[in-house]
Amino acid sequence: MRKRPLGSTGLSVSELGLGTWGLSGDGYAVLAAIEQDSVIDRAVALGVTLFETADTYGSGGMEKKLGERLGKDTPAVIVTKLGTDREAYPPRKCFTPAFINESFERSRERLKRETLDVVLLHNPSLRTLERGEATGALEALKSAGSLRAWGISVGDVATAHEAVKCGAQVIELAYNAFHSRALRELETDLREKNLGVLARSVLAHGLLCGQWPTNKEFGSGDHRAERWTSDDLKRRISQLNALRPCVAGNVTSLRAAALRYVLANDLVSCAVLGPRSSLQLDQLLRDAGKEPPYLTPEALSALDMRLSNVGIPA
């Protein structure tokens, strides 16, 4: 497993990480505990050293699971996210210093670690970052030695720019072949400040695997049923034709092409994967290939042109 520096944090992480939202069952069907354990254990065995979670995933269950499976002395880097009050009805975002500190202590207990590796604010608004209270709370925890690094999980470019201004060391954002504009717009800031970048949604929730029929339907409890209308999904599936010429040589599938697209960007510290089985994890690690180049500069340039031609701007 190849590693990359996580920006200026001093941490080195596997370039492929295990995300745990899919394992939690929150956005998909419920997964048996034995299968959750199997995926985490397999990731460790394959050399994955970055594990991404949140205090809300499985109502804290995924943090607890990682604490149990990974233990205190593992080289694994755990990234967790805070800022959602699930006890409120309906659940709401909360980034007050008191709530951040309370959430931090609960996460520390579940993860079984005195010092947490990386904590991200979980999709705060631009206004929340501008107030500075939440980022100040994380910086205080870092200064006290309770936290090694902090950052922001963002949903838009404006919030990401503000995160950089606030001193975040790590940014998490959606990045894939169909959703690359945000990272491109942030490139100058990210390079100047040497931020760690966690890329999520690298396969667009399965869309970029290229295995869905145009009349694909999602089951009850699957978040993707609300993500696209039937017409949107048909259009997105047709746009996969832009990726197909990348499938050649040792790039054996659309899934491999999509994953290598993400890894080819040296801004990305870690591509966060979301497998729900050990088999899926094995397949993804094979898809990544043995070594760079992930996709050649010529292939990437040609892909950008084809994506633009099907309505996906660079």
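How about the stretch 1-109: which helices (runs of 4 or more DSSP H) wholly inside it have at least 1 residues that are of a type in the set (D, E, K, R), open to solvent by less than 20 Å² (accessible area, probe 1.4 Å) and out of contact with any Cys (no Cβ under 7 Å at 6 or more places or on another chain)? Spell out how you get there, then give the answer.
Details: elements: 21-24, 33-45, 61-70.
So the answer is 61-70.
Which numbered condition in (1) closer than 27 Å to Lys81 by Cα; (2) open to solvent by 50 Å² or more (accessible area, probe 1.4 Å) is the only one that Gly311 fails?
(1)
Kindly indicate whether any position in the stretch 253-272 is in contact (Cβ under 8 Å) with a residue 60 or more places away in the chain, small (Gly, Ala, Ser) and outside any helix (DSSP H, G or I).
Yes, the stretch 253-272 contains a residue that is in contact (Cβ under 8 Å) with a residue 60 or more places away in the chain, small (Gly, Ala, Ser) and outside any helix (DSSP H, G or I).
Every residue in the stretch 71-99 that is at pLDDT below 95 and closer than 21 Å to Leu6 by Cα, please.
Lys72, Asp73, Thr74, Pro75
Scan (1) within 22 Å of Arg276 (Cα to Cα); (2) surrounded by fewer than 19 Cβ atoms within 10 Å (Cβ to Cβ); (3) not charged (D, E, K, R) for the single condition Leu173 breaks and write down its number.
Every listed condition holds for Leu173 apart from (2).
Failed condition for Ile237, given (1) out of contact with any Leu (no Cβ under 8 Å at 6 or more places or on another chain); (2) assigned to a helix (DSSP H, G or I); (3) aliphatic (A, V, I, L, M), with all others met?
(1)
Can you tell me which condition Ala225 does not meet? The list is (1) within 20 Å of the chain's Cα centre (by Cα); (2) within 25 Å of Leu173 (Cβ to Cβ); (3) among the small types (Gly, Ala, Ser), and all the others hold.
In the conditions (1) within 20 Å of the chain's Cα centre (by Cα); (2) within 25 Å of Leu173 (Cβ to Cβ); (3) among the small types (Gly, Ala, Ser), Ala225 misses (1) alone.
Quickly run through the stretch 278-298 and pick out the residues that are part of a helix (DSSP H, G or I) and closer than 16 Å to Asn176 by Cβ. Let's see the steps before the verdict.
From the stretch 278-298, those part of a helix (DSSP H, G or I) are 278-287, 297-298; that's our starting set.
Hits for the stretch 278-298 are Leu284, Asp287.
Looking at the stretch 255-273, which of its residues are among the hydrophobic types (A, V, I, L, M, F, W, C) and either more than 30 Å from Val79 (Cα to Cα) or surrounded by 22 or more Cβ atoms within 10 Å (Cβ to Cβ) (or both)? Even if it seems obvious, please write down each step before you answer.
If we filter the stretch 255-273 for residues that are among the hydrophobic types (A, V, I, L, M, F, W, C), which is where we start, we get 256-259, 262-264, 267-268, 270-273.
Of everything in the stretch 255-273, those that are among the hydrophobic types (A, V, I, L, M, F, W, C) and either more than 30 Å from Val79 (Cα to Cα) or surrounded by 22 or more Cβ atoms within 10 Å (Cβ to Cβ) (or both) turn out to be Ala256, Ala257, Ala258, Leu259, Val262, Leu263, Cys270, Ala271, Val272, Leu273.
Filter the stretch 187-204 for residues that are under 20 Å from Glu52 (Cβ atoms) and touching a residue at least 60 places away in the same chain (Cβ under 8 Å) and give the result. Break it down stepwise before answering.
In the first step, residues of the stretch 187-204 are kept if they are under 20 Å from Glu52 (Cβ atoms); the result is 190, 195-204.
Matches in the stretch 187-204: Leu190, Leu195, Gly196, Val197, Leu198, Ala199, Arg200, Val202, Leu203.
When you look at Ala199, is it over 19 Å from Thr135 (Cβ atoms) and open to solvent by less than 40 Å² (accessible area, probe 1.4 Å), yes or no? Please lay out each step first, then the result.
Numbers: over 19 Å from Thr135 (Cβ atoms): yes; open to solvent by less than 40 Å² (accessible area, probe 1.4 Å): yes.
Spelling it out, Ala199 is indeed over 19 Å from Thr135 (Cβ atoms) and open to solvent by less than 40 Å² (accessible area, probe 1.4 Å).
Restricting attention to the stretch 68-94, report how many residues are among the aromatic types (Phe, Trp, Tyr) and closer than 22 Å to Val272 by Cβ. Show your work before the answer.
Step one: of the stretch 68-94, the residues among the aromatic types (Phe, Trp, Tyr) are 89.
Now narrow it down to the ones that are closer than 22 Å to Val272 by Cβ: none.
So the answer is 0.
Output the residues belonging to the stretch 229-242 that are open to solvent by less than 70 Å² (accessible area, probe 1.4 Å) and either in contact with a strand residue (DSSP E or B) (Cβ under 8 Å, 6 or more places away or on another chain) or under 23 Å from Ala256 (Cβ atoms) (or both). Break it down into steps so the answer makes sense when it comes.
Taking the stretch 229-242 first, the residues open to solvent by less than 70 Å² (accessible area, probe 1.4 Å) are 232-233, 236-240, 242.
Answer for the stretch 229-242, where residues must be open to solvent by less than 70 Å² (accessible area, probe 1.4 Å) and either in contact with a strand residue (DSSP E or B) (Cβ under 8 Å, 6 or more places away or on another chain) or under 23 Å from Ala256 (Cβ atoms) (or both): Leu233, Arg236, Ile237, Ser238, Gln239, Leu240, Ala242.
What is the residue count in the stretch 142-170 for residues that are open to solvent by 10 Å² or more (accessible area, probe 1.4 Å) and either β-branched (Val, Ile, Thr) or more than 19 Å from Asp117 (Cβ to Cβ) (or both)?
In the first step, residues of the stretch 142-170 are kept if they are open to solvent by 10 Å² or more (accessible area, probe 1.4 Å); the result is 142-146, 148, 155-158, 161-162, 164-167, 169.
With the extra rule that they be either β-branched (Val, Ile, Thr) or more than 19 Å from Asp117 (Cβ to Cβ) (or both), the set shrinks to 155-158, 161-162, 164-166.
Residues that pass the stated criteria total 9.
Quick check on my filter: what residues within the stretch 243-254 are within 17 Å of Asn309 (Cβ to Cβ) and open to solvent by 20 Å² or more (accessible area, probe 1.4 Å)?
Passing the criteria: Arg244, Pro245.
Over 29 Å from Pro75 (Cβ atoms), modelled with pLDDT of 95 or more and touching a strand residue (DSSP E or B) at 6+ places or on another chain (Cβ under 7 Å), is that true of Phe104? Before you say what the answer is, go through the steps one by one.
On the way: over 29 Å from Pro75 (Cβ atoms): no; modelled with pLDDT of 95 or more: yes; touching a strand residue (DSSP E or B) at 6+ places or on another chain (Cβ under 7 Å): yes.
So Phe104 does not fit the description; no.
Output yes when any residue across the stretch 139-149 is within 30 Å of Ala257 (Cα to Cα), touching a residue at least 24 places away in the same chain (Cβ under 8 Å) and not aliphatic (A, V, I, L, M), and no when none is.
Taking the stretch 139-149 and keeping what is within 30 Å of Ala257 (Cα to Cα), we get none.
For the stretch 139-149, residues within 30 Å of Ala257 (Cα to Cα), touching a residue at least 24 places away in the same chain (Cβ under 8 Å) and not aliphatic (A, V, I, L, M): absent.
The values are calculated or read from the model by the stated rules, or taken from the named source; none is laboratory data. Treat the numbers as computed from the prediction; the structure is a model and nothing was measured. Please note: Cβ atoms are built from the backbone with ideal geometry, for glycine as well, and neighbour counts cover all protein chains shown. Side chains included, ligands, DNA and RNA excluded: accessible areas come from the protein's heavy atoms. Shrake-Rupley method; radii C 1.70, N 1.55, O 1.52, S 1.80 Å.
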